[in-house]
Each structure stands twice: as C-alpha cells, then as structure tokens.
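Chemist: Quick one: the structure is below, and I'll ask about it shortly.
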Amino acid sequence: MKYYPVFLNVLGKKAVIIGGGKVSERKALALIKAGACVTVVSPDLSEQLKQLKEKKLIHHISRLYQKKDIAKAFIVIAATDSLEVNTRISKDAGGLVNVVDVPPLCNFIAPSVIQRGPLTLAISTSGTSPALAKTIRKEIETLYGPEIGGFLKFLSIIRRKALAHIPDRKEREKFLKRLASDKMLQTLRSKGLQEIKKKVLQQLSSFTR
C-alpha cells in the first residue's frame, strides 16, 4: 500500500489513546509535544502515564473502552493488547485512526521521526518494516545532529534581517540560497555553528553599508 505523506496540525485537537502501556506512553508524549489535548482510556496506567496525569498533561478515563470515548476525536490511537478491541476501535472511529502494529486497521501510520528544533524528518517503510525504519532513523541521526536545529533557528532570524536589509529581490534570494547550500551544511559539520554565524553576519553587513 502507498501512503500519502503529511504532517498534521493537532494543536488544541482532541486525541484519544486507548491503552495504558509503554506504547501509549510514546504516543501520548509525541501528541502532547505537538500540542494535542490527550485523553487516555485504560483501567491501568504505566508509571510515566501516571506522572503525566498528575501533571495534568493528559485526561484519564479509568475503565475499558467504550465507543463514546472517541466521539469528536480528531485522532485516535488503538494501543491495547487485544486485537478484538483494537479492531472495534478501528471500525468505530470516524476520522484518523492508528492501530499500533496493524496497518490494515489504520487509515494512517506513524513514521519513525527525527526532530532537530524546527526540522522534522519522518521515515516510513509503509508499514512493511517499522524496525528497519528505526534503523534508518538512527543512521540519519548521525548525519543531522543537534547543531542543525540551532542552525535553522539562526536562519529564521537571518531571513527576517535579509528581508529588511536586502531590498533587491534577486540578491536576497541568492543570499538565502547560499545559506541553504550543501557547502553551508559541510561548514556547519566541520567548523560549527558559531563560525557560520560569524561569516553570515559579515556577509549580511555588506548589504547595509
């Protein structure tokens, strides 16, 4: 099956996770980080989910799943240890639903993700081998370290300054393209972010003289 890749805005949206184990922990943390309003439905919770509940980061419904639990949910995650329950959740869901490790019951699957500040890289094998997706993710993580996140934040600042200080559109586009070049990434890896900042600010200052 071919999947259509997409990044969802779940800020303030209702997300319901059925199940209270380790898998639900990972799903809850990712959704919380993205700003979703997370509800976990399960008679029991893992220790980390209990901590999230105590911090009021999740709402907890302490019982087995009922269809009404996912009413008006923007996104539903079925992460119980019962295929029968997970299948029922998949049928009940009217919107986005992911049944963990059972792609045929999903209308979307969650990729293996790398996050470096504003940069998000998603790796998927279309459900064929999540384990291989994780292996590839670890390989890419060595290529794009934490410094890329800092670089992107710096680029955001420089882009605003370029818009203010380089009135000629072609010159501005040329300047910004240089910042996003392979050469710039190589410099970031070999000399570090501070060296890049110094050089870029010098280049930008030449337009303001």
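Chemist: Out of (1) at pLDDT below 95; (2) assigned by TED's automatic domain parsing to the domain that holds Gly20; (3) surrounded by fewer than 14 Cβ atoms within 10 Å (Cβ to Cβ), what's the single condition that is false for Val100?
Modeler: Answer for Val100: the failing condition is (3).
Chemist: Condition (residue is in contact with a helix residue (DSSP H, G or I) (Cβ under 8 Å, 6 or more places away or on another chain) and of a type in the set (D, E, K, R)) applied to the range 25-36: is it met by at least one residue?
Modeler: yes
Chemist: What are the pairs with Cβ atoms under 7 angstrom where one residue, in the range 126-150, is within 27 Å of Cys106 (Cα to Cα) and outside any helix (DSSP H, G or I) and the other, located anywhere, is among the β-branched types (Val, Ile, Thr) and modelled with pLDDT under 95? Sequence gap at least six, or different chains.
Modeler: From residues that are within 27 Å of Cys106 (Cα to Cα) and outside any helix (DSSP H, G or I), the pairs are Gly127/Ile109.
Chemist: Report yes if some residue within the range 68-84 is among the acidic types (Asp, Glu), surrounded by 15 or more Cβ atoms within 10 Å (Cβ to Cβ) and either closer than 30 Å to Leu143 by Cβ or without any contact (Cβ under 8 Å) to a residue 60 or more places away in the chain (or both); otherwise report no.
Modeler: Yes; the residues of the range 68-84 include at least one that is among the acidic types (Asp, Glu), surrounded by 15 or more Cβ atoms within 10 Å (Cβ to Cβ) and either closer than 30 Å to Leu143 by Cβ or without any contact (Cβ under 8 Å) to a residue 60 or more places away in the chain (or both).
Conditions tested, residue by residue: (1) among the aromatic types (Phe, Trp, Tyr); (2) more than 15 Å from Lys14 (Cβ to Cβ); (3) over 18 Å from the mean Cα position of the chain (by Cα); (4) not in a helix (DSSP H, G or I).
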residue	(1), (2), (3), (4)
Gln48	no, yes, yes, no
Leu52	no, yes, yes, no
Thr87	no, yes, yes, no
Asp101	no, yes, yes, yes
Ile114	no, yes, no, yes
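Chemist: Take the residues of the range 166-209 that are of a type in the set (Val, Ile, Thr) and more than 16 Å from Phe151 (Cα to Cα): which is surrounded by the fewest Cβ atoms within 10 Å (Cβ to Cβ)? Lay out the reasoning, then the answer.
Modeler: Step one: filter the range 166-209 for residues of a type in the set (Val, Ile, Thr), giving 166, 187, 196, 200, 208.
Restricting the remaining residues to those that are more than 16 Å from Phe151 (Cα to Cα) gives 166, 208.
Values: Ile166: 19, Thr208: 9.
Checking each candidate, the answer is Thr208.
Chemist: On the basis of being of a type outside the set (Asp, Glu), assigned by TED's automatic domain parsing to the domain that holds Asp92 and part of a loop (DSSP other than H, G, I, E, B), does Leu8 make the cut? Can you show your working first?
Modeler: Values: of a type outside the set (Asp, Glu): yes; assigned by TED's automatic domain parsing to the domain that holds Asp92: no; part of a loop (DSSP other than H, G, I, E, B): yes.
No; evaluated as a whole, the condition is false for this residue.
Chemist: So which residues in the range 68-118 are among the hydrophobic types (A, V, I, L, M, F, W, C) and more than 19 Å from Phe7 (Cα to Cα)? Step through it out loud before you land on a result.
Modeler: Initially, the range 68-118 is screened for residues among the hydrophobic types (A, V, I, L, M, F, W, C), giving 70-71, 73-79, 83, 85, 89, 93, 96-97, 99-100, 102, 105-106, 108-110, 113-114.
Listed by number, the residues that qualify are Ile70, Ala71, Ala78, Ala79, Leu83, Val85, Ile89, Ala93, Val102, Leu105.
Chemist: Among the residues of the range 157-209, write down those that are over 29 Å from the mean Cα position of the chain (by Cα), not in a helix (DSSP H, G or I) and not hydrophobic (A, V, I, L, M, F, W, C).
Modeler: Pro167, Asp168, Ser206, Thr208, Arg209
The values are calculated or read from the model by the stated rules, or taken from the named source; none is laboratory data. Since the model is a prediction, treat every value here as computed from it, not as a measurement. Glycine also receives a Cβ, built like all others from the backbone with ideal geometry; neighbour counts cover every protein chain displayed.
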